[in-house]
Amino acid sequence: MPRAPTTLDPFNAVAEPKRRLVLQAIGDDERQVNDIVDSLGWPQPMVSKHLAVLKEVGLVSVRRDGRRRLYKVEGSKLKQIHDWAKTFERLWDHQLQRIKERAEKKARGQ
């Protein structure tokens, strides 16, 4: 079965761990490609390739400032990923509660 293109939607785009690192490197500010390259220690073409995918699905936007291109994370597109993952929050909350209860039980036993 052929792989789905990574540029269909934000979910496919962030399935690639390197693209998640690019998003983290940009953070909540605007960053130039060279700043992202320096931050990640990757070759510039690799960073540009991942930025192109993220831009195509709308997870980043780019703004020209003279000769510079400034990239920014588009939080509204990330929100749909967050909202979907949040539907499973009860699963990890339940696990955290169980871990807490075990730790408290162990602490009382010592």
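Worth a mention:
- Between P17, S39, G66, the Cα set farthest toward the positive side of the dipole of the stretch 10-109 (charges on each charged residue's Cβ, about the Cα centre) is that of P17.
- As a rough footprinting exposure proxy, the listed residues V37, V60, V73, V22 were ranked by other beta carbons within 10 Å of their own, and the order from fewest upward is V37, V73, V60, V22.
- Counted by Cβ distance under 13 Å from L78, the other residues give a net charge of +2, where Lys and Arg count +1 and Asp and Glu count -1.
- Residues E89, E30, E16, arranged from fewest to most other Cβ atoms within 10 angstrom of their Cβ, appear as E89, E16, E30.
- Each Lys and Arg Cβ is given +1 and each Asp and Glu Cβ -1; about its Cα centre, the chain then shows a dipole of about 240 debye.
- Positive-end residue, the chain charge dipole about Cα centroid, Cβ charges, pick of L51, W92, A103: A103
- Order of R64, R31 under a 10 Å beta carbon neighbour criterion, fewest first: R64, R31
- Between A52, A13, A85, the GNM of the chain built on Cα springs shorter than 10 angstrom shows A85 fluctuating the most.
- Compactness of the stretch 41-110 is given as radius of gyration and Dmax, 21.1, 66 Å, from Cα positions.
- With the helix formula -39500 (n - 2.57) applied to DSSP H stretches of n ≥ 4, the chain reaches a computed 222 nm mean residue ellipticity of -19000 deg cm²/dmol.
- Max mean-square fluctuation residue, GNM over the chain, Cα-Cα springs under 10 Å, options Q95, Q44, Q80: Q95
- Among I99, I81, I36, residue whose mean-square fluctuation peaks in a GNM of the chain (springs only between Cα atoms under 10 Å): I99
Every read-out reported here was derived from the displayed coordinates using simple, explicitly stated rules and does not represent laboratory data. Since we're looking at a predicted model, the values are computed, not measured. As a convention, Cβ positions derive from the backbone with ideal geometry for all residues, glycine included, and neighbour counts pool all protein chains shown.
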